[in-house]
Amino acid sequence: MKLCIDDADIEKIRRIVDVYPIDGVSTNPSILAKTGQNPAEVLKEIRSIIGAEGELFVQAVSLDAKGMVEEGRAIAKALGPTTLVKIPCIPQGYKAMKQLKKEGIRFIGTAIYTPMQAYLAAACGADYVAPYVNRIDNMGFDGVQVTKDIHDILTKNKMDCQLLAASFKNSQQVLDLAKYGIGAATAAPEIIEGFVKNPAVDAAVAQFASDFEALTSPGTTMVDIFQNQ
């Protein structure tokens, strides 16, 4: 499963990319608005952090197909071929998707709450579809199960499209989908850091260090003991 960061905070992105195996960054207009900065500058800085190989997801804000296509062209030109244009799965969005596919511009179907929205985006040639796991939960449905259903539809129909599950409230949701074999997930920095945040882990590591210091001396490492041989 690919793992992406769902944020536009430059410092948070730098911190996560520095430590964890990250495949890309996903943004949306609301996430960009939270930065309070010029969105073009923020997106270019994100691109510089993740490099040319990292996938960057950037959403078109137009509500009509013509505008979405024009934005898609501009996004791809400015941010490179590993950038995917996020197109909402609405009627005008599907119209835009068909044109973007003809032009060879990569895109992802977003704002997905139902399996059939995802199916239509995949049929239009989407590289990814992005169901909103926790937002589906908040509507009274099972977001993880809906995402699994979408995965099954794509797999059984042999559609050349991956899942990029989004909108998580906890690491368990991500774990459930990783175990199911979905293609990718995008999560907030806090969720990603929560994958390994555990008092038991911290205690075990601290005990190892303490035991080794008792055997040798404070601050001694394996480098030190072998240098002294």
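The values are calculated or read from the model by the stated rules, or taken from the named source; none is laboratory data. Model, not experiment: these values are computed from the prediction. As a convention, Cβ positions derive from the backbone with ideal geometry for all residues, glycine included, and neighbour counts pool all protein chains shown. These area figures cover heavy atoms from the full protein model, side chains too; ligands, DNA and RNA do not enter into them. Shrake-Rupley method; radii C 1.70, N 1.55, O 1.52, S 1.80 Å.
Return the carbon/sulfur percentage of the accessible area of the chain, one whole number, probe 1.4 Å, all protein chains in place.
55
Using +1 at the Cβ of each Lys and Arg and -1 at the Cβ of each Asp and Glu in the chain, identify which of 177, 151, 3 lies farthest towards the dipole's positive end.
Among 177, 151, 3, the one farthest towards the positive end of the dipole of the chain is 151.
Among [x] 29, 18, 17; [y] 33, 21, 19; [z] 39, 21, 15, which one is semi-axes √(5λ) of the Cα gyration tensor in Å computed from these coordinates?
[z]
Between residue 64 and residue 11, what's the calculated FRET efficiency when r is the beta-carbon distance and R0 is 41 Å? Round to 0.05.
It comes to 0.70.
Just to be sure I understand the model, the point goes 7 Å from the Cα along the line to the Cβ. What's the resulting residue 206 to residue 226 distance in nm?
So the label points at residue 206 and residue 226 sit 2.9 nm apart.
Can you list the residues, at least 5 places off or on another chain, whose amide H is less than 5 Å from the amide H of residue 164, using H built in the peptide plane?
Answer set, sorted by chain and number: 129, 130.
Which one, 166, 223, 188, projects farthest toward the positive side of the charge dipole computed for the stretch 103-229 from Cβ point charges (K/R +1, D/E -1)?
166
Take residue 190 and residue 52, extend 7 Å from each Cα along the Cα→Cβ direction, and tell me the distance between the two endpoints in nm.
Each label point lies 7 Å from its Cα, and together they span 3.7 nm.
Using helices alone, what [θ] at 222 nm do you get for the chain, with -39,500 (n - 2.57) per DSSP H run of 4 or more residues, divided over all residues and rounded to the nearest 500?
Per the formula, -16000 deg cm²/dmol.
With charges set only on the Cβ (+1 for Lys and Arg, -1 for Asp and Glu), what does the dipole of the chain come to about its Cα centre, in debye to the nearest 20?
With only Lys, Arg, Asp and Glu charged at Cβ, the dipole is about 1100 debye.
Suppose we flag trypsin sites (Lys or Arg not before Pro) only when DSSP calls them loop and at most 11 other Cβ atoms lie within 10 Å. Which is the longest uninterrupted stretch of the chain?
Excluding the exposed sites themselves, the longest stretch runs over 1-157.
How much length is gained if the chain between residue 141 and residue 198 is pulled fully straight, taking 0.36 nm per residue apart and subtracting their Cα-Cα distance, in nm to one decimal?
17.6 nm
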